[in-house]
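**Student:** Before I ask anything, here is the structure I am working with.
Taken together, the values in this text are just the output of simple stated rules run on the coordinates, not laboratory data. None of the values given here were measured: they were computed from a predicted structure. Here the Cβ is made from the backbone with ideal geometry for all residues, glycine too, and neighbour counts use every protein chain on show.
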Amino acid sequence: MMDGGFHLKSAPKLSNHWGPLLSEIIDVVSAGYNSALFRPCKTDMKQEFLRRYRIKDPYILFVGSLFPYKNVKTLMGSFIKLKNKIPHSLIIIGKKEVAREPLCKDDRIFYLDYVDADELPYFYSYADLLVHPSLFEGFGITLLEAMACGTPVVCSSGGSIPEVVGDAGIYFDPLDSEVLLRLILKIINNKGLRNEMIEKGFRQVKNFSWERTAGGIFKSCERALRAKNEDSSSPL
């Protein structure tokens, strides 16, 4: 099952380590997202939302924990180098206490420890882009949420991220802040590219749903039950 610790790319590695038999008993089932909640928000609600959270528009968004593997320092480094070339703020949503290094202090970087799930679609919908610089991901549900809200995604290729984002996002080396800087500029300044990424994102999220997840788990359970019954009925 594709979740916080296992993803499609892990299956061959497990099989190589434990032997070919393991590949016969592994089913990979992707996670889903709340499609009823995560969808584009109306533009006429934007100004009230910005006032409520005291957010300076336009902005770039990161959503996730601030554990070291999330690699937020690369995003902050790119933003600091870039900020004099763009009018954007950087909004970082995630628990600050899990960060192991001091967080960058800047008048255009805003930290929010907690945001209610019902409010997240507004953050996604009104962002110019979501940046996800993680070194590794077991899944990456925030990527689905952002694409479902019509937000272009710039992301690393760590772990399962390419399986989730497909051709809808633009990828970068998570340790290269200069490349990220150039990509942010490219997307911000190219409306046609942004619109193309948004449309691809809408298509990509159609591949994921909790109904599909449940169906995959059900089929896996059926297969396991059949195998058990076959084993129990085999002669000694």
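**Student:** For the stretch 115-129, just list the computed ³J(HN,Hα) in residue order, Karplus coefficients 6.51, -1.76 and 1.60, θ = phi - 60°, integers in Hz, with x standing in for Gly and Pro.
**Tutor:** For the stretch 115-129, the Karplus-derived couplings read 10, 4, 4, 5, 8, 4, x, 5, 4, 5, 4, 9, 7, 6, 6 Hz, x marking Gly and Pro.
**Student:** Count neighbours as other Cβ atoms within 10 Å of each site's Cβ, and list the chymotrypsin sites (Phe, Trp or Tyr not before Pro) in the stretch 76-163 that are DSSP loop with at most 15 such neighbours.
**Tutor:** Values: sites: PHE79, PHE110, TYR111, TYR114, TYR122, PHE123, TYR124, TYR126, PHE136, PHE139; in loops: TYR114, PHE136, PHE139.
Sites meeting the loop and neighbour criteria: TYR114, PHE136.
**Student:** Could you order peptides 87-93, 63-69, 102-108 by the average number of other Cβ atoms within 10 Å of their residues, highest first? The partial results should precede the final answer.
**Tutor:** Working: 87-93: 20.6, 63-69: 17.7, 102-108: 11.7.
Going by the mean number of other Cβ atoms within 10 Å, highest first, we get 87-93, 63-69, 102-108.
**Student:** Could you give the size of the charge dipole of the stretch 36-209 about its Cα centre, using +1 on the Cβ of each K and R and -1 on the Cβ of each D and E, expressed in debye and rounded to the nearest 20? List each step's numbers first, then the result.
**Tutor:** Numbers: 24 positive and 21 negative charges, 96 e Å.
It comes to approximately 460 debye.
**Student:** Can you work out ³J(HN,Hα) from phi for every residue in the stretch 185-193, in order, using Karplus 6.51 cos²θ - 1.76 cosθ + 1.60 and θ = phi - 60°, giving whole Hz and x for Gly and Pro?
**Tutor:** Once θ is set to phi - 60°, the couplings for the stretch 185-193 become 4, 4, 6, 4, 8, 10, 4, x, 5 Hz.
**Student:** Under 5 Å between amide H atoms, partner at least 5 residues away or on a different chain: which partners does PHE172 have, H built in plane at 1.01 Å?
**Tutor:** CYS155, SER156, SER157
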